[in-house]
Every structure is written in structure tokens, then in C-alpha cells.
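Here is the structure we will look at, set down as C-alpha cells.
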Amino acid sequence: MRNDDLVLVTGATGYIGGRLVSRLVEDGRRVRVVVRSPQKLRDVPWAAQVEVVEGDLQDAETMNRASEGVSTLYYLVHSMGSGRGFEEREAQIASTVAKAASQASVKRIVYLGGLHPQGVKLSTHMRSRVAVGDVLLASGVPTIAFQAGVVIGSGSASFEMIRHLADVLPVMPAPKWVLNRIEPISVRDVIHYLLGALDLPEGLNRTFDIGSGDVLTYADMMKRYAEAAGLPGRTVLALPVLTPRLAGHWVNLVTPIPRAMAMPLIESLQHDAVTAEADIHEYVPHPEGGLTDYRAAVDLALNKMSAGEVETSWAGASQRDAVADPLPSDPQWAGHTVYKDERTFRSSAPAPAVWKVIEGIGGENGWYSWPVAWAARGWLDKLAG
């Protein structure tokens, strides 16, 4: 694909889409994005370097206009909605996009779906993602449908769920699916494959499994995260009585992750998610330095979240090293949350005398107000780890 060919990205305000557009712009590609609310791009550094089409993917007129002159179309949208008609609505959106791409003679569609086993009953969201891929593959436009498992990177919903649960719970009751086999993949490797799709042979129309080669259980992922974060060892209890629905409520209760997002994430973990083939490497070489294993992906995510790096890395000279950074479009509960309470009181007492009083707070001396309440709070802190 030539650099002056036009690339259309749907889902540009999402986790993967935002990072992909950043890399495409950095590589000198001509990029067009479709967004329902352009104001969501207000704080994104590349906003002025891309063509923005305002509209809804369900609207045929919008997609016909957006697809004009496009060489490659990235389909990176999948809602976390639910309810009656959810699957039909997702399939209809994919059909509208595919029809517009066909009429505009788009040369390739690139889709990111989910790893899943064959011959089992899938969750609603995973079944919908598979169906969307099938619609695109049958569209008549050559389609590359990547299938990935848990994506690890600071700000990704999957990583944030692991992080919040491990940070909060030294002992975690969980459904039995925590013992299923999962092959995670770092967000930088996902972006590597998505970019590599630009130069695949014309006419190629198939799925490709992508992963890290590092197969773990979800319980192992929790424990390795805790180790990387310097936390005490975590215990994960697999309980057969915990259904996905109950687990979704539990995650929502103990973490900032909304139940509407926790539910599909949990449901997608009910089965093994491991690559069945590695054919992509016949076309796209491994990333420089090789694939990123789970522990390395966690270390990278934690490093990117450390103070002072998140905001400056976006504007840095080397955005290739910043693929896993939280972006303005990431959910507000991603990354670190810091609460600051500043109070000022002026005293004529010398500083050493004041500091001696401060050092005496808590411990054997207790607190200066509501001692029973503070004792209860201390026990709650211990129970929460």
C-alpha cells in the first residue's frame, strides 16, 4: 500500500482505534475517521492531522461519504450494549459499513475480533463479534479478521479489571472460569499486526489468530500482575456458584469498572481463548524484539502509568514507545486515581514540636476524634488489603 492511499478508521475514539490512528499519522499515512461526536477528539493531539467525518456507522449516507476514495477500512467498533436486538443491531451496522465499502471499491477491510473456541456456546458479545467478522468476510471486500484474546496495556478494559481486582483484593472469590486457558496479547503487538495488514497481499480474505504465545489462566494473570506491581501474593478462589452475572456485579462493586462493561468482559472468559494457528507470521514478521509476553506487557503498562510519563509521552518524539499510554479517549477509571486533600492551619509552635504531635497520631495513641470509627476503619482497611 502506498503512503498516499487513504485509510479510514472507525472506532477512532476507542482504546485500539486511538492508538492506531496515532501510529498511522506518525507513519505519514492519509487518515480519515468517522466519529459520532467530534468533540471527543478535542484533546487528541492528532485531531488536526486527520479528516473527520461526523456521523453514525448505522447511517448509509454517512458511510458512503466516508468510504469514498478509501483504500483500507479499519473496523474497530463493538458496543458494550445489551438487551433485545443487540446482536441484530451489531450485524446491521457491519452490513451497512460493508455495503458502503463495496460500493466505494475499498480494497481491504481490517477487523479486530476475539479469540474463541469452536463448537461451544459463546456469550452474547463474543457470538456477536464472530457474526460481525462473518458479515465482513462475506461482503465481497477482501477482509482480514484478526482474532485476539485479552489485550494488555495501560487503559485497556481487560488490564484495568485485572489491576483493580488485584490491587483491592488479597483474596479474590471468582467463577470457575478463572482456571480457563487464556493467551493475552500486548496492545503494542495488536497495533503491530493492524499496521502490518496494510501490506498484506491483495485479495486475501480470512481470519488470523494473534497472541503472545504465553498461555496462562486468568488466576495466573492476577497473581503475576500482583508480583509485577510489588503486591503481596494474591489468592484466587474458583467458586462454581459464582455465575457471570453475579461476578459482573461483584467486579462493579469492588472496582470502578461499570457493570455494563464488566459483564461482557467476564462472559468472554467463560471458554479457553488460545490461538489455534500462527499463519500471520507467514505475512507479517514478529515485532522488533519479538512478541511481548504477559509479564513484560504488565511491566510496560505499569511503567507508562508512573507519574510524569502519561501526559508527556503523547507529545514525545517517539510515539512508537507510547502505544500503551492512556489516551484522552480512555475510560476515566483507567490508570491511577489520586485524591488530594490540602488543609492549612497557622501556628506559632516550633516545627519540631508540631511534627512530634503529627508522628503520634494513630498507633497506640489513636486518633483525636471519633476513635471508635477510626478503629473500625482500620479493621476495614486490613480486610480490604
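Worth pointing out:
- Applying the criterion of being open to solvent by 20 Å² or more (accessible area, probe 1.4 Å) and not β-branched (Val, Ile, Thr) to the residues of the stretch 132-148, the residue that is farthest from the chain's Cα centre (by Cα) is Gly140.
- Subset of the stretch 97-112 (residues that are touching a Ser or Thr at 6+ places or on another chain (Cβ under 7 Å) and surrounded by fewer than 21 Cβ atoms within 10 Å (Cβ to Cβ)): Ser102, Ala104, Lys107
- Condition met for Asp330 (open to solvent by less than 100 Å² (accessible area, probe 1.4 Å) and either at pLDDT below 75 or of a type in the set (Lys, Arg) (or both)): yes
- Val236 passes every criterion in (1) over 22 Å from Val130 (Cβ atoms); (2) in a loop (DSSP other than H, G, I, E, B); (3) β-branched (Val, Ile, Thr) apart from (2).
- Any hit, the stretch 175-188, residues being under 21 Å from Lys304 (Cα atoms), hydrophobic (A, V, I, L, M, F, W, C) and either open to solvent by less than 20 Å² (accessible area, probe 1.4 Å) or in contact with a Leu (Cβ under 7 Å, 6 or more places away or on another chain) (or both): yes
- The sole residue among Ala166, Ala91 that is outside any loop (DSSP other than H, G, I, E, B) and surrounded by fewer than 22 Cβ atoms within 10 Å (Cβ to Cβ) is Ala91.
- Gln39 meets each of the listed conditions (1) part of a helix (DSSP H, G or I); (2) among the polar types (S, T, N, Q); (3) open to solvent by 50 Å² or more (accessible area, probe 1.4 Å); (4) in contact (Cβ under 8 Å) with a residue 12 or more places away in the chain apart from (4).
- Matching residues in the stretch 346-361 - criterion: being at pLDDT 85 or above and not aliphatic (A, V, I, L, M): Arg346, Ser347, Ser348, Pro350, Pro352, Trp355, Lys356
- One residue stands out in the stretch 113-131 among those that are more than 21 Å from Pro184 (Cβ to Cβ) and in contact (Cβ under 8 Å) with a residue 40 or more places away in the chain: the one that is surrounded by the most Cβ atoms within 10 Å (Cβ to Cβ), namely Ser128.
- Any chance Ala322 is within 30 Å of Gly155 (Cα to Cα), open to solvent by less than 40 Å² (accessible area, probe 1.4 Å) and at pLDDT below 65: yes
- Here Tyr74 meets the list (1) among the hydroxyl-bearing types (Ser, Thr, Tyr); (2) open to solvent by 40 Å² or more (accessible area, probe 1.4 Å); (3) in a strand (DSSP E or B) almost entirely, failing just condition (2).
Residues checked against (1) within 18 Å of Ser79 (Cα to Cα); (2) in a strand (DSSP E or B):
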position	(1), (2)
Val7	no, yes
Thr13	yes, no
Gly17	yes, no
Leu20	no, no
Val25	no, no
Gly28	no, no
Val31	no, yes
Pro45	no, no
Val52	no, yes
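For (1) touching an Asp or Glu at 6+ places or on another chain (Cβ under 9 Å); (2) assigned to a loop (DSSP other than H, G, I, E, B); (3) not aromatic (Phe, Trp, Tyr), each residue gets a yes or a no:
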residue	(1), (2), (3)
Val190	no, no, yes
Ala197	no, no, yes
Asp209	yes, no, yes
Gly230	no, yes, yes
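- Restricted to the stretch 259-271, and to residues there that are in contact (Cβ under 8 Å) with a residue 60 or more places away in the chain and over 15 Å from Val151 (Cα atoms), the residue that is least open to solvent (accessible area, probe 1.4 Å) is Met263.
- Glu288 modelled with pLDDT of 95 or more, farther than 21 Å from Leu76 by Cα, in a loop (DSSP other than H, G, I, E, B) and open to solvent by 30 Å² or more (accessible area, probe 1.4 Å): no
- Contacts under 6 angstrom Cβ, first residue in the stretch 1-15 being hydrophobic (A, V, I, L, M, F, W, C), partner assigned to a loop (DSSP other than H, G, I, E, B), 6 or more apart: Leu6/Gly69; Val7/Arg29
The values are calculated or read from the model by the stated rules, or taken from the named source; none is laboratory data. Computed from a predicted structure; not experimentally measured. Neighbour counts run over all protein chains shown; Cβ positions are idealised from the backbone, glycine included. All accessible areas refer to the heavy atoms of the entire protein, side chains included, with ligands and DNA or RNA removed. Shrake-Rupley method; radii C 1.70, N 1.55, O 1.52, S 1.80 Å.
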